[in-house]
1. Taking the stated definitions as given, is Arg281 open to solvent by less than 20 Å² (accessible area, probe 1.4 Å), at pLDDT below 95 and under 18 Å from the mean Cα position of the chain (by Cα)?
2. Mind checking which pairs have a first residue in the range 48-76 that is in contact (Cβ under 8 Å) with a residue 24 or more places away in the chain and a second that is open to solvent by 50 Å² or more (accessible area, probe 1.4 Å) and within 9 Å of the ligand (Cβ to nearest atom), Cβ under 6 Å, 6 or more apart or different chains?
3. If you go through the range 288-310, how many residues are over 21 Å from Val79 (Cβ atoms), open to solvent by less than 50 Å² (accessible area, probe 1.4 Å) and of a type in the set (A, V, I, L, M, F, W, C)?
4. List pairs: first residue in the range 291-303 and over 12 Å from Met14 (Cβ atoms), second residue at pLDDT 95 or above and of a type in the set (Val, Ile, Thr) anywhere in the structure, Cβ distance under 8 angstrom, at least six positions apart or on different chains.
5. Before we move on, is Arg36 open to solvent by 50 Å² or more (accessible area, probe 1.4 Å), assigned to a helix (DSSP H, G or I) and within 16 Å of the ligand (Cβ to nearest atom)?
6. Which ones in the range 55-80 are hydrophobic (A, V, I, L, M, F, W, C), at pLDDT below 95 and over 13 Å from Val29 (Cβ atoms)?
7. Quick one: in the range 191-221, of everything that is open to solvent by 40 Å² or more (accessible area, probe 1.4 Å) and closer than 18 Å to Val157 by Cβ, which residue is farthest from the chain's Cα centre (by Cα)?
8. So which residues in the range 81-106 are open to solvent by 30 Å² or more (accessible area, probe 1.4 Å) and more than 16 Å from the ligand (Cβ to nearest atom), if there are any at all?
Amino acid sequence: MKNEERTELAKSEMIAVMPVACSNEDAAVELFEALRWGDKPTCVHCGGASVYKMTDAATGKRNKRYLWRCHGCGKQYTVRIGTVYEESRLDLRHWCYAFWRASTSKKGVAALEIMRHCQISYKSALFLMNRIRFAMAPENPAIDKLKGTVECDETYVGGKPRPGDGKIHKRGRATSKTPVFAAVERQGRIRRQVVADVSGKTLKGATRELVDAQARLMTDDYHSYRGIGKEYAGGHHTVAHSTGEYVRGDIHTNTAESSFAILKRGIMGIYHNVSKEYLHRYLWQFDFVWNNRKMNDGERTIAAMKAAEGKRLRYRSAEVA
Ligand SMILES: [Zn+2]
C-alpha cells in the first residue's frame with residue numbers, strides 16, 4: 001500500500017512538473033530520470049544502486065551534461081543511454097514538449113509547429129514526431145483483440161477531393177485516397193489500419209485480425225462484410241446505410257463514423273496531405289489519444305513517454321525512419 005501511494009505521488013509530481021519541463025532542460029532531465037528510475041536510480045552499465053549525480057566543481061551545480069557516476073563500476077552515464085533519446089542530441093525539453101502536444105491535442109500536432117516552438121530543424125522535428133508516434137502504436141493488437149460490442153467501418157482518407165466525392169460515393173475509387181479500416185468498442189478502445197482495398201477478403205481479414213471472435217459485430221450493409229457473422233459468437237448486426245437507415249435499436253456504427261470525422265479533421269487541418277505510406281503512423285497517434293481519452297492531459301503524456309521507454313529496443317528494427 002505504501003509503495004502504491006509513493007508511485008501515485010511520484011506520478012502527480014511528474015504531471016505537475018510537465019509545463020516547466022517543456023522549457024527548462026534541468027526539469028526535463030529530472031522528469032525523464034524519474035520516469036525511468038522512480039526513486040531508485042541505478043547504473044545503466046552494471047545495475048548497481050550506489051550512484052550519484054556528478055556536480056560541477058566550480059559552481060557546485062549539476063554537471064552540464066547531466067552525468068551520473070556509479071560507485072560500483074566507476075562508469076559514467078546519462079538517462080539517455082540505452083533509450084531512443086540516445087541517438088538524438090536534441091534537448092530533452094523538446095522531447096517533452098513534443099510528447100505533450102502529441103498526447104493532448106485531439107486534432108494532432110504538426111512537425112512544423114514543433115519546429116517553430118522548439119526552434120529546431122524540420123528534420124529534427126520529424127525525427128521527434130516519428131518516434132513519438134511509434135511509441136503510441138498499440139503493443140499487441142493481434143493478441144489483445146477488441147471485445148464486447150464492436151463497430152467496424154471503413155473510409156477513405158487524404159488525397160484531393162474529386163467532383164461528386166463524399167456523401168454519395170462513400171466508397172468511390174479515387175486513387176489518391178487511402179482506404180482506412182476501423183474497429184471500435186462501444187465506450188472502449190479503437191484500432192484503425194490502412195488497408196489495401198475495401199474488398200470482402202481485405203475487410204473480413206482486418207476484422208478477424210482486430211476483433212475477438214466472442215464479440216458482437218456491427219457494420220453497415222456493405223457487401224464486403226457479408227458472411228462474417230458466422231465467425232462471431234455475438235452475431236453480425238447491420239444497419240442499411242444504402243437505404244438511409246442509420247440506427248435501429250442499439251445497432252449503428254456511429255462511434256466508428258465519429259472517430260473517422262475526428263481523424264479527417266486532424267489530417268486535413270494539420271497534416272494536409274499525408275501520403276499512403278506514412279498514414280499508419282498518424283493512425284497510431286489518433287488512436288492513442290482516443291484510447292486514453294479518460295486520462296487527463298498530464299496522465300496521457302506520461303503514458304506516451306512510458307510507452308516509448310518500453311519500445312526503445314525495437315526502434316532500430318522497426319520502420320520509423
Ligand atoms: Zn555501474
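1. yes
2. Gly48/Gly72; Gly72/Cys46; Gly72/Ser50; Cys73/His45; Cys73/Cys46; Lys75/His45
3. Result for the range 288-310: 3.
4. Close Cβ pairs (under 8 Å, with a partner that is at pLDDT 95 or above and of a type in the set (Val, Ile, Thr)) amount to Asn291/Ile190.
5. Spelling it out, Arg36 is indeed open to solvent by 50 Å² or more (accessible area, probe 1.4 Å), assigned to a helix (DSSP H, G or I) and within 16 Å of the ligand (Cβ to nearest atom).
6. Residues satisfying the conditions are Ala57, Ala58.
7. This residue is Ser199.
8. Glu86, Glu87, Arg89, Asp91, Arg93, Trp100, Arg101, Thr104, Lys106 - these are the residues of the range 81-106 that are open to solvent by 30 Å² or more (accessible area, probe 1.4 Å) and more than 16 Å from the ligand (Cβ to nearest atom).
The values are calculated or read from the model by the stated rules, or taken from the named source; none is laboratory data. The model shown is predicted, which means the values in this text are computed figures rather than measured ones. Because the Cβ atoms are built from the backbone with ideal geometry, glycine has one as well, and the counts that use them run over all protein chains shown. With ligands, DNA and RNA removed, areas are computed over all heavy atoms of the protein, side chains included. Shrake-Rupley method; radii C 1.70, N 1.55, O 1.52, S 1.80 Å.
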